[in-house]
Amino acid sequence: RSLQEFIAVVVDWFGTNKFDPAKVEFGFGKESPLPGWRLPLENGRALIVHGRLDRIDIHRKTESEAYCIMLDYKSGLQKPDRTLLHHAVQQQLPAYLLAMTRVEEIATHFGVQKLHPAGCFLIPLGARYQRGKTRREVIGDSGQARRSAYTHGGIFDVDCLNLLDSGAPDERSDQFDFRIKIDGSPYAASFN
């Protein structure tokens, strides 16, 4: 039942953004035919970033360019943390997003010459409801509470907001966790 609820919410969100799921369990580097992201270091050494991404969604900007977002499903209550990201502890999502946009063979794999980063998000597989006295009080009848229980935490390019959420910034998004000022810029305290 929980999985059915999650799938219903995710499918409903497809109608609110301009991205289409392109790949699931997408691997690059190591055992993949696609190379990893090579970062040159001193003395001829290099760091090679490789991994497997739960889901990649694409929005074609032109015939040769596209925006991409990465989605990582989480069973726990994990959210991106500004401090951990700043101190290079929580780097997996941003590193994978950069790899997607820096490795030419990955862009070619998606049928474009250039991929542009639009965002990377953690999506909870389990609902995170607000507290209440009864189930009806928490969930209600509108479905908004159900959608809000699966809000994506992550980072994104605010210039891509209209591609990510057709209701934003006029409405509060239940898909993404952010706050936008009247002038369209994000609040300083809005990490997402």
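The values are calculated or read from the model by the stated rules, or taken from the named source; none is laboratory data. Fair warning: this is a prediction, and the values are worked out from it, not measured in the lab. FYI the Cβ positions are ideal-geometry reconstructions off the backbone, even for glycines, and counts take in every protein chain you see. SASA here: full protein model, heavy atoms, side chains in, ligands and nucleic acids out. Shrake-Rupley method; radii C 1.70, N 1.55, O 1.52, S 1.80 Å.
Among the residues of segment 6-37, those identified as touching a strand residue (DSSP E or B) at 6+ places or on another chain (Cβ under 7 Å), of a type in the set (A, V, I, L, M, F, W, C), over 18 Å from residue 163 (Cα atoms) and open to solvent by 20 Å² or more (accessible area, probe 1.4 Å) are 24, 34, 37. Contact map, segment 8-36: residues that are in contact (Cβ under 8 Å) with a residue 24 or more places away in the chain paired with residues that are part of a loop (DSSP other than H, G, I, E, B) and among the β-branched types (Val, Ile, Thr), Cβ distance under 8 Å, separation 6+ or inter-chain. Pairs shown: 28/103; 34/103; 35/103; 36/103.
So for segment 104-112 (the condition being open to solvent by 100 Å² or more (accessible area, probe 1.4 Å), touching a residue at least 40 places away in the same chain (Cβ under 8 Å) and closer than 25 Å to residue 161 by Cβ), does at least one residue qualify? Looking through segment 104-112, none of the residues is open to solvent by 100 Å² or more (accessible area, probe 1.4 Å), touching a residue at least 40 places away in the same chain (Cβ under 8 Å) and closer than 25 Å to residue 161 by Cβ.
Looking at 49, 24, 9, which is the one that is of a type in the set (A, V, I, L, M) and closer than 14 Å to residue 97 by Cα?
49
Residues of segment 52-72 being crowded, with 19+ Cβ neighbours inside 10 Å and under 15 Å from residue 113 (Cβ atoms), which ones? Those that are crowded, with 19+ Cβ neighbours inside 10 Å and under 15 Å from residue 113 (Cβ atoms): 58, 66, 67, 68.
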